[in-house]
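See below for the structure under consideration.
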Amino acid sequence: MIKTYYSDKNIRLFNGDVIEILNALPDECVDLIFADPPYNLSNGGFTCHAGKRVSVNKGKWDKSRGTAEDFEFHYNWIAACRRVLKPSGTLWISGTYHSIYACGFALQKQDWHLINDICWFKPNAAPNLSCRMFTASHETLLWAKKDKKAKHCFNYQLVKNGDWDSDFIKKPNKQMRSVWAITTPKNSEKKYGKHPTQKPEELLRRIILACTAENDIVLDPFCGSATTGVVALKYNRKFAGIDAEKEYLDNIAIPRINDIIQRDDLFELHQEDTLKISENKAEYSLLP
Ligand SMILES: C[S@@+](CC[C@H](N)C(=O)[O-])C[C@H]1O[C@@H](n2cnc3c(N)ncnc32)[C@H](O)[C@@H]1O
């Protein structure tokens with residue numbers, strides 16, 4: 001039995017542990033999962049922000065518990081996602097070298113089919129302070145499906161011919177390659193405060209438009225400031241998000257979602273009740 005923490009037409013937010021909540025969802029109920037799990041990098045290092053030396057620590061939730069335990073965590077949430085993903089659905093995972101190999105190995109062990117790995121290049125990444133290594137300026141995104149033979153959604157024409165003008169690597173009307181140049185979140189995306197690992201809306205716009213149709217259900221099991229939810233709603237998709245920290249949901253995610261919901265000019269709200277949720281698990285369904 002799980003309670004929704006926040007709900008409105010086309011959206012449900014859940015507060016709690018990712019595994020507990022995923023285990024309460026029905027089988028094969030979502031079309032796309034975008035997961036931005038802990039990177040396990042908050043171990044006392046330093047980075048540069050606005051010209052100043054600042055701690056890299058993101059929060060207790062991001063601390064590494066050692067290679068074996070970190071792998072077990074990633075293995076378990078990925079397995080829980082596998083059950084709730086439709087056969088035609090796809091899973092995206094973002095990470096840096098601290099976490100992405102563990103996630104990739106978990107995918108391999110669970111027989112997922114890897115469709116692409118994307119290099120998300122950040123042209124405005126923070127400089128390196130030690131001057132003893134290359135400046136970290138990318139993250140890796142893994143894109144996978146449950147079965148090699150499954151027919152997954154890829155909106156080829158839109159990806160090739162769409163408006164991706166802010167990416168200097170993407171040439172108009174040419175196929176999109178697997179290196180994407182997208183800057184870190186704009187100030188307007190942080191008006192309710194900044195989540196320590198907030199993703200840019202442009203990154204989610206690309207993924208959601210490429211891999212879903214209108215009305216599809218998008219799940220983000222580590223939704224933080226709900227970047228995925230904001231973009232899903234903007235483009236007429238439905239959204240379910242999970243996060244363990246109430247603070248992020250209350251202070252950033254819900255105000256951002258409310259801004260979108262109130263902007264009727266941005267999209268047509270669908271009339272049908274699409275995400276039918278009951279407090280009783282037996283009746284609980286995330287309906288398409
Ligand atoms: C890398 S951040 C995601 C940021 C998000 N993509 C955004 O744009 O704001 C990971 C999130 O996972 C949450 N988290 C960490 N461990 C969790 C767990 N066991 N269950 C649920 N949420 C968890 C954290 O609170 C954090 O907000």
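Every read-out reported here was derived from the displayed coordinates using simple, explicitly stated rules and does not represent laboratory data. Keep in mind it's a predicted model, so treat the numbers as computed, not measured. Here the Cβ is made from the backbone with ideal geometry for all residues, glycine too, and neighbour counts use every protein chain on show.
Restriction of the trypsin sites (Lys or Arg not before Pro) in region 190-270 to DSSP coil positions whose beta-carbon has at most 12 other beta-carbons within 10 angstrom yields K191, R263.
How high is the relative contact order of region 1-96, in percent, with contacts defined as C-alpha pairs under 8 Å that are six or more residues apart?
Working: 115 pairs, mean separation 35.5, N = 96.
Relative contact order, region 1-96: 37 percent.
Built from the Cα atoms of region 1-110, the convex hull projects on average onto 8.8 nm², one quarter of its surface area. The calculated P(r) of region 6-283, using every Cα pair and 10 Å bins from 0, goes 6, 29, 38, 22, 4, 0 in percent. Beyond a 32 Å Cα-Cα separation, which of these cross-linked pairs lie in this structure: K63/K190; K3/K160; K58/K160; K148/K170; K60/K170? In this structure, K3/K160; K58/K160; K60/K170 exceed 32 Å between Cα atoms.
Sorted on the mean count of surrounding Cβ atoms within 10 Å across their residues, most packed first, peptides 52-63, 76-87 read 76-87, 52-63.
Of the peptides 210-223, 102-115, the order by per-residue mean of other Cβ atoms within 10 Å, starting with the highest, comes out as 210-223, 102-115. Relative contact order for region 6-283: 23 percent, from Cα pairs under 8 Å spaced at least 6 residues apart, divided by residue count. With contributions of -39500 (n - 2.57) from each DSSP H run of at least four residues, the per-residue ellipticity at 222 nm computed over the chain stands at -7000 deg cm²/dmol.
Provide the three semi-axes, in whole Å and in decreasing order, of the ellipsoid equivalent to region 45-134 as defined by the square roots of 5 times the Cα gyration tensor eigenvalues.
30, 16, 12
Short-range pairs are left out: with C-alpha atoms under 8 Å and at least six residues apart, the relative contact order of region 135-244 is 21 percent.
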